[in-house]
Structures are given as C-alpha cells and as structure tokens.
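Notes follow once the structure below has been shown.
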Amino acid sequence: MSQNKLYVGNFPYDVTESQLRDLFEPYGEIEELALIMDRDTGRAKGFGFITFAQQQAAEKALELDGNDLGGRPLKVNIATEKGRDDRRGGRSRW
C-alpha cells in the first residue's frame, strides 16, 4: 500500500475537484485526485482520495486534518485498503 495516498472526507457535497486541488497543491505535486461521486445525483459524496508524488508531501498535508472547508472540519489521513468482504459480492475460492 502506498503511503503517499490520502483519504479526505467530511467536505461539503458541492466541493469541486479544483477546490480540493487548490487546497492540497501547496503541499506538493499531486499525481491523482479522485473525488467520489454519487451515481444517481452526480454530486460529490463528501470524500475522495489524493495521491501525492512524494510521501513527504502527503505527510505534510496531514496538517489539514480538522481544518474548516465550507463550514465542515476536514478528515485527512493516510488511505488504507478496504478489506475484502465476501458478503458484498466477493467470490469464493471453492
């Protein structure tokens, strides 16, 4: 798992990719920014992932945890992989 990928959550549903990029870019080069969108409404779900080119940039950007964005305190932490849950459609090996 990459230590340069951050989970960013608890931001307002109307936040744009551009706004997030502007907020996080001062910490370092962003390789990828994924704003998770609701399929039905087409608006942001309030969380996303940002991958920095350098691990040090991601670590520095953790400073934004708790900062206000649109009246809501941001949640910023190192992204972790979700464990596979066979109840959610995973395939059995048998």
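Things to note:
- Filtering the range 21-40 to residues that are outside any strand (DSSP E or B) and farther than 21 Å from ARG72 by Cα leaves GLY28, GLU29, ARG39, ASP40.
- When every residue of the range 67-78 is checked against the conditions, none turns out to be of a type in the set (Asp, Glu), touching a residue at least 24 places away in the same chain (Cβ under 8 Å) and not in a helix (DSSP H, G or I).
- When restricted to residues that are out of contact with any Gly (no Cβ under 7 Å at 6 or more places or on another chain) and under 13 Å from VAL8 (Cβ atoms), the range 34-69 contains 15.
- Residues within the range 39-59 that are polar (S, T, N, Q), surrounded by 14 or more Cβ atoms within 10 Å (Cβ to Cβ) and more than 14 Å from the chain's Cα centre (by Cα), tallied: 1
- Residues located in the range 1-29, provided they are more than 20 Å from GLU81 (Cβ to Cβ), of a type in the set (Val, Ile, Thr) and surrounded by 13 or more Cβ atoms within 10 Å (Cβ to Cβ): VAL15
- Hits in the range 17-66 (condition: under 14 Å from GLN3 (Cα atoms), touching a Phe, Trp or Tyr at 6+ places or on another chain (Cβ under 8 Å) and touching a residue at least 40 places away in the same chain (Cβ under 8 Å)): PHE49, ILE50, PHE52, ALA57, ALA58, ALA61
Laboratory data are not the source of any read-out in this text; all were calculated from the coordinates shown. Keep in mind that this is a model prediction, so the values were computed, not measured. Virtual Cβ from ideal backbone geometry, glycine too; neighbours counted across all protein chains shown.
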